Amino acid sequence: MHSAVPHERIAIDLGDRSYDIVVGAGLLDRPEMFDGLPPASDAVIVTNEAVGPLYAARLTTTLRAHYRRVHTVTLPDGEVHKTLSTLNSIFDELLAQGVDRRTTLFALGGGVVGDMAGFAAACYMRGIPYVQVPTTLLAQVDSSVGGKTAVNHPLGKNMIGVFNQPLRVVADLSTLNTLPQRELVAGLAEVIKYGPIADEAFLGWIEEHLDELLRRDVVALAHAVKRSCEIKAHVVAQDERESGLRAILNFGHTFGHAIEAGLGFGEWLHGEAVGCGMVMASDLSARLGLIPKSHAERLRDLIGRATLPVVGPALGAARYLELMRLDKKALAGEIRFVVLDGPGSATIRPVPDALVAELVEANTA
């Protein structure tokens, strides 16, 4: 399997914060993937109860080529634990182990682990280096790339956090073999996202190769991860702190975050909510006259074929609007949506509440 996919590097160009994303199979067992990081005596692996038993020992063995001591911090698994109190448990462990500011953190897990380890690295002793080692499809194509770190607040998702770029992202495709199918499908939502907002040809490729992706064909997954990272790297390099263009990466997320918060974090997986959110956002784009209805239907069909939800939960239009006003793209109480304005092209615009309410009623049950 490993020989079918030579590893590839994608550069994120952010001046003195630039770094590489390495994509390939079997990378966890290769010490050279971690060459060139700042010298230190200690490394700390931050992982969770699901991923730790599968991969922490292997990463520990590999990192021993570079570090005298390798500690592991194991967090509870799930979005419901992406909180300030879990974040504090990372600090408790770092302080208990007496690690200094030269220590490098390694985030081994999915998006929740990556977000919390990156946030902890930004805060501990006012900043220590960290490396992303994403083990879910969603983390490999999206959350591990670009330096967004955060925890959730009961009133909103990712409301407390900082931008903190990793030193490297090492995406080992082999770790996807142990991913539950529901998690793999959730990750496909973030892969699909890149097509309509940035690359119409990639959208066509996904339609053509969806069955291989669902079967975890390693060559198809390698292309999907690489192309997704290339698109995200291009966008992030132009707008690191989301003052403009980078917000297009949140296509489907305004609706999706409302679904997650409205149902209670963890009820739907992030990717499931984003998949459904993209159906709603593309329908909104069609209702605004920006794209043909057929384009919205094409996306809905693909999301349905991927076995992602295409109908949102019936929280009521008023509740959706209330939750979406907390969205980080909202300005002065006005909700702004990422909408499609052509093939492989997206923009951000405010939409009247009445139209949003009508759209929510049409797309929920």
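The values are calculated or read from the model by the stated rules, or taken from the named source; none is laboratory data. If you're wondering where the values come from, they're calculated on a predicted model, not measured in any experiment. Heads up, the Cβs are rebuilt from the backbone with ideal geometry, glycines too, and the neighbour counts pull from every protein chain shown.
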Right, Gln97: in contact with a His (Cβ under 6 Å, 6 or more places away or on another chain) and either without any contact (Cβ under 8 Å) to a residue 40 or more places away in the chain or not hydroxyl-bearing (Ser, Thr, Tyr) (or both) or not?
yes
Just checking, which of Leu326, Leu288, Leu308, Leu315 is surrounded by 15 or more Cβ atoms within 10 Å (Cβ to Cβ), modelled with pLDDT of 95 or more, among the aliphatic types (A, V, I, L, M) and out of contact with any helix residue (DSSP H, G or I) (no Cβ under 6 Å at 6 or more places or on another chain)?
Leu288
Apart from one, (1) over 30 Å from Ala220 (Cβ atoms); (2) in contact with a strand residue (DSSP E or B) (Cβ under 9 Å, 6 or more places away or on another chain) all hold for Asp29; the odd one out is (1)
What are the pairs with Cβ atoms under 7 angstrom where one residue, in region 140-167, is aromatic (Phe, Trp, Tyr) and the other, located anywhere, is surrounded by fewer than 20 Cβ atoms within 10 Å (Cβ to Cβ)? Sequence gap at least six, or different chains.
Phe163/Glu240; Phe163/Arg241
Could you run through region 243-254 and say how many residues are of a type in the set (A, V, I, L, M, F, W, C) and part of a loop (DSSP other than H, G, I, E, B)?
1
Pairs where the first residue, in region 194-210, is on the phi > 0 side of the Ramachandran plot and the second is of a type in the set (A, V, I, L, M) and in a loop (DSSP other than H, G, I, E, B), C-beta under 7 Å, 6+ apart
none
Do we have any residue at all in region 283-300 that's in contact with an Asp or Glu (Cβ under 7 Å, 6 or more places away or on another chain) and either over 16 Å from Thr347 (Cβ atoms) or assigned by TED's automatic domain parsing to the domain that holds Met159 (or both)?
no
Filter result for the condition that a residue is small (Gly, Ala, Ser) and surrounded by 19 or more Cβ atoms within 10 Å (Cβ to Cβ), over Gly26, Gly98, Gly110, Gly78
Gly110
Look through Leu167, Leu213, Leu188, Leu173 and report the one residue that is within 15 Å of the chain's Cα centre (by Cα), of a type in the set (A, V, I, L, M, F, W, C) and closer than 20 Å to Ile21 by Cβ.
Leu188
For Asp283, state whether it is assigned to a helix (DSSP H, G or I) and under 30 Å from Trp205 (Cα atoms).
yes
Give Gly111, Gly147 a once-over and let me know the one that is in contact with a His (Cβ under 7 Å, 6 or more places away or on another chain) and closer than 24 Å to His71 by Cα.
Gly111
Between residues in region 77-88 that are farther than 14 Å from Gly161 by Cβ and residues that are of a type outside the set (Asp, Glu) and surrounded by fewer than 18 Cβ atoms within 10 Å (Cβ to Cβ), which pairs lie under 6 Å by C-beta distance while being six or more apart or on different chains?
Gly78/Gly266; Glu79/Gly266; Val80/Gly266
Taking the conditions exactly as written (closer than 24 Å to Ala198 by Cα and surrounded by 15 or more Cβ atoms within 10 Å (Cβ to Cβ)), does Ala346 satisfy them or not?
yes
Scanning region 192-218 residue by residue, those within 17 Å of Asn177 (Cα to Cα), of a type in the set (Asp, Glu) and surrounded by 15 or more Cβ atoms within 10 Å (Cβ to Cβ) turn out to be Glu212, Asp217
Flag if Ser243 is under 21 Å from Gly333 (Cα atoms), of a type in the set (S, T, N, Q) and exposed (fewer than 15 other Cβ atoms within 10 Å of the Cβ)
yes
